[in-house]
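Comments concern the structure below.
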Amino acid sequence: MSKISGKMQAAVKRPARLHPQEAVAASPLHSFDYQARTRLVFGLNSVASIGQLARGLDAKVVLVVTDPGIVTAGHADRVEHVLQSCGLGVVVFDQVRENPTTRDVDRCLQVAKSAGIDTLIGLGGGSSMDTAKGCNFLLTNGGRVQDYWGVGKANKPMLPFIAIPTTAGTGSECQSAALIADEQTHQKMACLDPKATARVAILDPLLTVSQPPLVTAHTGIDAIAHAVETAVTRKRNDLSLMFSHQSFKLTVPSFPRVLSNSKDIEARGRMLLGAALAGTAIENSMLGAAHAAANPLTAHYGVVHGEAVGIMLPHVVRFNAEEATAKRAYAELASAPEIACVSDGLDSAVKALTDRLESLLNAAQIARSLPDLGVRRSKIKVMAEEAAKEWTAGFNPRPITAKDFEDLYVAAFEPRGNGDGKQAQR
């Protein structure tokens, strides 16, 4: 084979090369590093498999972390019985409170230490799962909850954790975060570590039927808000969007069904699965300004988390939609359950989205203005400053300042309709 002359070599075109920074700027794709850490077991009566699943994790003595309502519903007794029938020792901590604090974790820790447990089960809503995770941090790594505020602060392995949600809301069963409030300051601390993630999550729709109507309403709105926020955050990527869109597609049509018929098992299952998928989306894309604005409402006025997020969500959507990329992301989300079609125009799609959110909030009988929750205008500035410091605010698609949060709270002082000119009934 003859050699190519120097002139011919110069004429041969070499493949174009991009500097890494130029490549990132040119690509519309977002980077991600996804590791599926949680085994999902979904189906009717799937909770009956808890014994075998625990044994598969080499469990011998299990701590079930739950709340009094779950005990009254009979779920704790059933889980305890199944575990014992598989030869496992069982200890139950049933004093979990809503929005758990460091004191709740410390009380749970005392029970765990005295029992010599080797596995934890969080049975209930997000509060039970967060308390169990918080206990796991301290039991295995020592110190205080405050020591784990942030990302990846645990240096030692943690005990196997199994999550059994009885609400379709937080998606904590698919997240590595424990959300614990400081008992003294009421500051909500997000302690994130891959080691805290549930090894197994059991999604049994039958367990959600016992939810009181208000719990169904508040947790359902929370799940929907997770799908909406994760679909637009700065950290969103092609993988997280898959979970966000499928969650929204499952929950939006199913939510009115569970509100009108608490025994609609199919709708219950779709809500439970949708909440778990939204939790997976959070794990990969985080949350935004609606959650940042909600936390001060809970801290200062004791507003239930789902209601606090719900009342702020439409206002945040309108705020973010002024940014072009976020507007398109909202419009594409609205097309998942065919609320709107992107090809009909982004503005009309976003309006259709906010109208549907308003309608769902009204159906859930969520407060439609902050005065309905006892919030005073004199607190706006303080809450706005706190919201701007919330960790989720940093992932909002549109940069947001304390002044922006003030404007959002002011907007939330005015009662809203459902997009059809009808006011909410309370």
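The values are calculated or read from the model by the stated rules, or taken from the named source; none is laboratory data. These numbers were taken from a predicted model, which means no experiment stands behind them. Here the Cβ positions follow ideal geometry from the backbone for every residue, glycine too, while neighbour counts run over all protein chains shown. All accessible areas refer to the heavy atoms of the entire protein, side chains included, with ligands and DNA or RNA removed. Shrake-Rupley method; radii C 1.70, N 1.55, O 1.52, S 1.80 Å.
Karplus-derived 3J(HN,Hα) values for region 307-320, using 6.51 cos²θ - 1.76 cosθ + 1.60 with θ = phi - 60°, are 5, 5, 5, x, 5, 8, 4, x, 5, 5, 4, 4, 4, 5 Hz; glycine and proline are entered as x. The mean of 1/r over all pairs of different alpha-carbon atoms in region 267-358, once inverted, gives a Kirkwood hydrodynamic radius of 14.3 Å. Computing FRET efficiency as 1/(1 + (r/R0)^6) for Val91 and Lys381, where r is the C-beta to C-beta distance and R0 is 51 Å, gives about 0.65.
Once you have a ≥ b ≥ c as the square roots of the Cα gyration tensor eigenvalues for region 40-89, tell me rounded if a/c is under 1.5, and otherwise prolate or oblate according to whether a/b is larger than b/c. In terms of gyration-tensor shape, oblate.
Once you reduce region 62-140 and region 290-326 to the center of their Cα atoms, the two points are 30 Å from each other. Dividing the mean sequence gap of close Cα pairs (under 8 Å, 6+ apart) by how many residues region 109-177 holds gives a relative contact order of 42 percent. The average projected area of region 205-277, computed from the convex hull of its Cα atoms over all directions, is 4.3 nm². Sorting the segments 346-352, 245-251, 171-177 by their mean number of nearby beta carbons within 10 angstrom, highest to lowest, gives 171-177, 245-251, 346-352. The protection proxy used here, the mean number of other Cβ atoms lying within 10 Å of each residue, ranks peptides 222-229, 47-54, 310-317 as follows, highest first: 222-229, 310-317, 47-54. Sorting 55-64, 125-134 by average packing, meaning the other beta carbons within 10 Å per residue, from highest down gives 125-134, 55-64. The Cα atoms of region 294-426 cover 43, 34, 19 Å along the three principal axes, with the biggest extent listed first. What's the carbon and sulfur percent of region 271-393's accessible surface, probe 1.4 angstrom, rounded to a whole number? Of all accessible area on region 271-393, carbon and sulfur atoms account for 48 percent. For region 145-161, backbone phi angles converted through the Karplus equation (6.51, -1.76, 1.60; θ = phi - 60°) give residue-by-residue couplings of 4, 4, 5, 10, 5, x, 10, x, 8, 7, 9, 10, x, 10, 6, x, 10 Hz, Gly and Pro being listed as x. With a cut-off of 8 Å between alpha carbons and a minimum separation of six or more residues, what is the relative contact order of region 63-113 in percent? Relative CO of region 63-113 lands at 45 percent.
DSSP finds beta bridges in the chain, and of those with both partners inside it, around 20 percent are antiparallel.
Just to be sure I understand: with springs between alpha-carbon atoms less than 10 Å apart, which residue in His305, His30, His81 has the highest mean-square fluctuation in the Gaussian network model of the chain? Answer for the Gaussian network model of the chain: His30. The shape of region 79-196 can be summarised by an equivalent ellipsoid whose semi-axes, obtained from the alpha carbon gyration tensor, come to 21, 16, 14 Å from longest to shortest. Surface exposure of the chain, expressed per residue as accessible area with a 1.4 Å probe, stands at 44 Å².
Taking 8 Å as the Cα distance limit and 6 or more residues as the minimum spacing, I'd like the relative contact order of the chain as a percentage. Here the relative contact order equals 13 percent.
Simple spin-label estimate for Thr72 and Cys341 gives 4.9 nm between the two label positions (7 Å along the Cα-to-Cβ direction from each Cα). By the Cβ distance rule of under 4.7 Å, the chain has these cysteines without a partner: Cys86, Cys174, Cys191, Cys341.
Per-residue Karplus couplings for region 91-103, computed as 6.51 cos²θ - 1.76 cosθ + 1.60 with θ equal to phi - 60°, are listed in order as 10, 10, 10, 10, 10, 5, 10, 4, 6, x, 10, 4, 5 Hz, Gly and Pro entered as x. In the chain, helical runs assigned H by DSSP with n ≥ 4 each contribute -39500 (n - 2.57); averaged across all residues and rounded to the nearest 500, the mean residue ellipticity at 222 nm is -15500 deg cm²/dmol. So I have (1) 25.3, 88; (2) 23.3, 88; (3) 31.7, 113, and one of them is Rg and Dmax of the Cα atoms in Å calculated from this model. Which one is it? Of the labelled values, this structure produces (2).
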